[in-house]
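Only one structure is covered here, and it is reproduced in the block below.
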Amino acid sequence: MSRQLSMDTVRQNFWKEEYLREKMLRCEWHHKYGSLVKAKQKAKAAARLPLKLPDLPPRAPLSPPPVPKAVPSRASSPALEAPIQSEMYPVPPATRALLYEGISHDFQGRYRYLSTRKLDMPEKRYLFPITTSFTYGWQLGPPVKQELVSCKMCRTDSFFRKNGAFALLDPRDLAL
């Protein structure tokens, strides 16, 4: 921008007054709203800091329950002594032994272990249904293999809707 060369005393005084007026307006605004702006800036800065949780006091170790001395203690299996911490039943030793025989690349080891473990029903593997989707397959029994009907028209009639794609459903079409 080029400077105006026709600057006389009247114009100089006008710009001086404008500058002072604007300076006074800024000072008044700062006195009026400055503390609110600083408080908002501090709140935003505090929100950006990571949340520090308070330290928990150390827990005293739990004492084991007293063992009655009248009953003779006998050596039991370690699986019965340990409290149940998982939602699955313990794996039978014969199935666990499959883990250590061969490698998965040769369809042995972990591959064979998982395929045999998959054959068990969920009720034999888990203590209770863990997710809501488990309830659909819980206690269904062994899978029943259905044979296909040899007639192609029978399969077509039983698969497709009889009323068309967008027609209202016929109660005979629903499998409820």
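Going by average Cβ density within 10 Å per residue, which order do the peptides 117-127, 49-59 take, highest to lowest?
Highest-to-lowest ranking by the protection proxy: 117-127, 49-59.
Using a 1.4 Å probe on the protein heavy atoms only, what accessible surface does residue 135 show? Give it in Å² to the nearest 10.
Accessible area of residue 135: about 80 Å².
Between residue 52 and residue 28, what is 0.36 nm times their sequence separation minus the Cα-Cα distance? Round to one decimal in nm. Let's see the in-between values first.
On the way: separation 24, 0.36 × 24 = 8.64 nm, distance 3.92 nm.
Roughly 4.7 nm would be gained on extension.
Regarding the stretch 89-133, what are the three Cα extents along the principal axes, ordered largest first, in Å?
That gives 35, 21, 13 Å along the principal axes, largest extent first.
Straight distance only, please: which lysines reach the Cα of residue 118 with their own Cα at less than 23 Å, same-chain residues fewer than 8 apart left out?
Of all the lysines, those that pass the test against residue 118 - Cα under 23 Å, at least 8 places apart if same chain - are 145.
Once neighbouring chains are kept in place and the probe is 1.4 Å, which whole percent of the accessible area of the stretch 89-133 is contributed by carbon and sulfur?
60
Just grab the label-to-label distance for residue 121 and residue 108, each label 7 Å out from Cα along the Cβ direction, in nm (one decimal).
Going by the 7 Å Cα→Cβ label model, 3.3 nm.
Taking only protein heavy atoms into account and a 1.4 Å probe, give the accessible area per residue of the stretch 89-133 in Å². Mind showing how you got there, number by number?
Numbers: 3460 Å² over 45 residues.
Spelled out: the 1.4 Å probe surface of the stretch 89-133, per residue, equals 77 Å².
What is the set of long-range amide H partners of residue 126 at a cut-off below 5 Å, with H atoms built 1.01 Å from backbone N?
89
The values are calculated or read from the model by the stated rules, or taken from the named source; none is laboratory data. All of these numbers come straight from a predicted model, not from anything done at the bench. Neighbour counts run over all protein chains shown; Cβ positions are idealised from the backbone, glycine included. For accessibility, only protein heavy atoms count, side chains too; no ligands or nucleic acids. Shrake-Rupley method; radii C 1.70, N 1.55, O 1.52, S 1.80 Å.
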